[in-house]
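The values are calculated or read from the model by the stated rules, or taken from the named source; none is laboratory data. Here the structure is a predicted model, which means the values were calculated and not measured. With ideal geometry, Cβ positions are generated from the backbone for all residues, glycine too; neighbour counts draw on all protein chains shown. SASA here: full protein model, heavy atoms, side chains in, ligands and nucleic acids out. Shrake-Rupley method; radii C 1.70, N 1.55, O 1.52, S 1.80 Å.
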Amino acid sequence: MRLIIGGVFQSLDGVMQAPGRPEEDRAGAFDLGGWVGAFTDAQTRDAVFAYLLGAPYALLLGRKTYDIFAAYWPFMPADNAIAARFNATTKYVLTHSDTPLAWANSHRLTSIDAIAHVKATAGPDLLIQGSSTLYPPLFRAGLIDRLHLQTFPIVLGHGKRLFGAGTPAGGMRLVHSTVSSTGVVIATYEPTGQLPTISPEPPNPSDAEIARRERVKREG
């Protein structure tokens, strides 16, 4: 069985939209694209290259990220190592559109169940890049195995988020972490498949606490 691994750049408030350049993704009037540049250093680059240029993988993409990539990577110089890997590898694209997938080695998937079927087959792991809308349903289906997460010391305020609407509650296990010279937290997490133990309610709440709870119930 393959692993599904997410490679994510996010802001401190969880936004992962358009990290690389201003025109990457302006959906929702997002006008802050290109926010990773000021924080990129050797550590952040090496962390990304370790999985982008390491073991073989297939890409798993949402349709919007696929279109962004398909308009960019095939037109990079032949000696660009990431472009060479992306162009050659298999691309699985979750989409309900009938628009042809013109980028070489691209395959249409129409449901989360279809992704689960691919995951269950033999082959290289599936690496998500961008594709924020994939995460909530993949987490709900228990299909995410690992996150390579870079959290940048910037607050963007709005935009597409990694843990978007519909993400279920669940625990994460920290596998590795370090901090770059520019303050980027570079961490690898794996879902545990369960919530951590919730702290028990302290016994004998005060009358003031009981009144506060009743007030909250009334006010909604």
Exercise. Inside region 45-62, can you point out the residues that are under 23 Å from Arg108 (Cβ atoms) and open to solvent by less than 70 Å² (accessible area, probe 1.4 Å)?
Worked result: Tyr57, Ala58, Leu59, Leu60, Leu61, Gly62
Problem set entry | Cβ pairs under 7 Å, 6+ apart, first in region 195-208 and closer than 23 Å to Gly170 by Cα, second among the small types (Gly, Ala, Ser) | Leu195/Ala169; Leu195/Gly170; Leu195/Gly171; Pro196/Gly171
Exercise. Which pairs have Cβ atoms under 8 Å, sit 6 or more apart or on different chains, and link a residue in region 101-120 that is within 20 Å of Ala70 (Cβ to Cβ) to one that is loosely packed, with under 12 Cβ neighbours inside 10 Å?
Worked result: Ala104/Ala88; Asn105/Ala88; Thr110/His96
For this session: Go through (1) open to solvent by less than 70 Å² (accessible area, probe 1.4 Å); (2) of a type in the set (A, V, I, L, M, F, W, C); (3) not in a strand (DSSP E or B) one by one and return the number of the condition Ile198 breaks.
Result: (1)
Exercise. Tally time: how many residues in region 193-220 are under 30 Å from Gly7 (Cβ atoms) and modelled with pLDDT of 95 or more?
Worked result: 0
Exercise. Ala18 passes all but one of (1) under 24 Å from Ser106 (Cβ atoms); (2) among the aliphatic types (A, V, I, L, M); (3) not in a loop (DSSP other than H, G, I, E, B); which number fails?
Worked result: (3)
Exercise. Counting just the residues of region 5-40 that are open to solvent by 10 Å² or more (accessible area, probe 1.4 Å) and among the aliphatic types (A, V, I, L, M), which one comes out farthest from Met172 (Cα to Cα)?
Worked result: Ala29
Exercise. Residues in region 105-115: is at least one open to solvent by less than 60 Å² (accessible area, probe 1.4 Å), within 18 Å of Arg2 (Cα to Cα), assigned to a loop (DSSP other than H, G, I, E, B) and in contact with a Gly (Cβ under 7 Å, 6 or more places away or on another chain)?
Worked result: no
Exercise. Which residue out of Thr133, Thr188, Thr121 is open to solvent by 50 Å² or more (accessible area, probe 1.4 Å) and either at pLDDT below 95 or among the hydroxyl-bearing types (Ser, Thr, Tyr) (or both)?
Worked result: Thr133
For this session: Would you check which residues across region 68-81 are within 19 Å of Ala58 (Cβ to Cβ) and surrounded by 14 or more Cβ atoms within 10 Å (Cβ to Cβ) and list them?
Result: Ile68, Phe69, Ala70, Tyr72, Trp73
Exercise. Tally time: how many residues in region 168-185 are crowded, with 18+ Cβ neighbours inside 10 Å and in contact with an Asp or Glu (Cβ under 6 Å, 6 or more places away or on another chain)?
Worked result: 1
Exercise. So which residues in region 1-41 are without any contact (Cβ under 8 Å) to a residue 24 or more places away in the chain, more than 16 Å from the chain's Cα centre (by Cα) and closer than 18 Å to Thr182 by Cα, if there are any at all?
Worked result: Gly34, Gly37
Exercise. Can you tell me which residue in region 155-167 is modelled with the lowest pLDDT, limited to those that are surrounded by fewer than 19 Cβ atoms within 10 Å (Cβ to Cβ) and farther than 17 Å from Pro191 by Cβ?
Worked result: Ala165
Exercise. Any idea which of Ser181, Ser177 is modelled with pLDDT of 95 or more and assigned to a strand (DSSP E or B)?
Worked result: Ser177
